[in-house]
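Take a look at the structure below.
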Amino acid sequence: MKCKVKSEKLRSEKGSVLLLVTVALAAVMGIVGLAMDAGQLYVTNQQAQAAADAAVLAGAMDLYNSTGFNAPGLGFTGGSISCGAASTQSPCVYARLNGFSTPDTVTIKFRGCTIPPGIGVLPPVGLAAGDLICATVSRVVPTTFMRVLGIGMSTVTATASAAIIGGRTVTPLVVTHPALSGALTLGAGSSIVICGGPSIGIQINSNSPTALISGGGTVDLSLAGPPGNDSCAGTGSAFRVVGGPAAEPAGISLGTAAYFSGVSAITDPFASVAAPAAPTAAPATSTVVSGVDGCLTASCTLYSPGSYPTGISVSGNALFLPGIYYMTSGGFQGLTGGCMAMATGVAADPATGWTENMLVYSTGGGAFGTSGSFGQGCAQNFLLGSPVDSTYEGILFFQDRNSAAALTHNFAGSGSFALTGTIYLNDTNSAQYQTLNLNGGPITVNGDIVVSQLSLTGSSLTMYLVSAQSSIKQVALVQ
């Protein structure tokens, strides 16, 4: 009788253990199954996010390169579209290349997207700052083990937004000619000083072993670089040259940065900036007296934006209303004894909306320059380039990239002058390169310089890289 009771007890305990093992195994399998389903959903979500990011970046690049509302490759002017297997709009194509198309849901929205707080969105060419590209990418994913919980399907959704935002230039002083000896030439007694800006101060793209000719001049980048403001509080920025000399020449001060030769060339930072269209003829100049429109002398000649068939040559005191000045020949010259300044307290330019900025574009063989004592005796001797958040990205002097003539832009004379904005004198044809020649009094530029060739003869150039003037547009994800 005792053995029988013991046997039954053992069988009961074995049954309980089997039941516990079965329950535990089911629980473990359920956990593993849920982990597998969760892993599948996670991977799908990552893929969907990549597709959404690629789609909006493709659309934003269309906006960046467009000159009108209907961006090439984008194919619609507002609202939203649903991408199908045969959709040819670039956002749809890039979503498909990343594995998402019918029967997935891919929706591209143009305009009306929410701008995340704190993002400085700039307007594309011809569009408004709110013209963003947004994408929503969804896929219905069948589950396996989650079915036991009554979840047979799960929808994975990813969203992304892209826009054109402000970024920093790679370097404030770029000499672009690819092969010229003396692409940057510093004559005796000349100097370049850069304050603030990014970590690279000067780039010479010429591969010539004598791309830099120091000639007794000096370069001081010891106060350039981060923190990047205009207070000369930087710790140094780099000097880079594609060719040579291989060793750092005498007279160069770099602070904590270094001199590099044999580096790669950089692209023109303003290559995507479109030349302005030729406007209508400018109205005739007028004369304003002291105290009117910012005139600080007895009288000033007031210029208006528009087309100038023979260019502009200023002698005496001149004020410029905001807008685009288009030199079809003759260039833009400041003659002896004058000063140029922006008009103040005037109405916004109806064509650009600018209130105190100007762009001077020169084509047809005309050059930029000054002579004599230009700028002396003028308490407000500066011009202010286009806004950095505009199509022209802070440019003040813009030479036709396809100029048929190799021009020398001479800023000479015993006087001093200052300007705010970028000097952009780059020619796409290296045989017709543009030379900026600085010869004379001290020159202050609050902005960048991008030229084919730069030559200094007995002149001092000081560049203050204020953050606003070292900004360019770039396409980026904003959400």
Next on the checklist: If I model the range 247-303 as equal point scatterers sitting on the Cα atoms and use the Debye formula, what is log10 I(q)/I(0) at q = 0.14, 0.18, 0.20, 0.31 Å⁻¹?
Outcome noted: -0.72, -0.79, -0.89, -1.14
Checklist entry - If we sort 398-406, 91-99 on the protection proxy, mean other Cβ atoms within 10 Å, highest first, what's the order? => result 91-99, 398-406
Item to check | Amide hydrogen neighbours beyond the local backbone of Cys339, cut-off 5 Å, H modeled | outcome: Gly316, Asn317, Ala318, Gly375
Item to check | For the range 173-472, the fraction of alpha-carbon pairs in successive 10 Å shells from zero, as % | outcome: 7, 29, 37, 21, 6, 1
Checklist outcome for this item: For the range 285-334, the Cα-Cα pair-distance distribution in 10 Å bins from 0, as whole percents, is 27, 52, 20, 1
Item to check | Unit charges on C-beta of K, R, D, E only; dipole of the range 173-472, Debye | outcome: 340
Next on the checklist: I'd like the Karplus ³J(HN,Hα) series for the range 394-401: coefficients 6.51, -1.76, 1.60, θ = phi - 60°, whole numbers in Hz, and an x wherever there's a Gly or Pro.
Outcome noted: x, 6, 9, 10, 10, 8, 3, 5
Next on the checklist: Considering all projection directions equally, how large on average is the shadow of the alpha-carbon convex hull of the range 391-439, in square nanometres?
Outcome noted: 3.9
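Readers should treat all values here as calculations from the given coordinates under stated rules, not as data from a laboratory. Just so it is clear, the model here is predicted, and its values are computed rather than measured. All Cβ positions, even for glycine, are placed from backbone atoms using ideal geometry, and neighbour counts span all protein chains on display.
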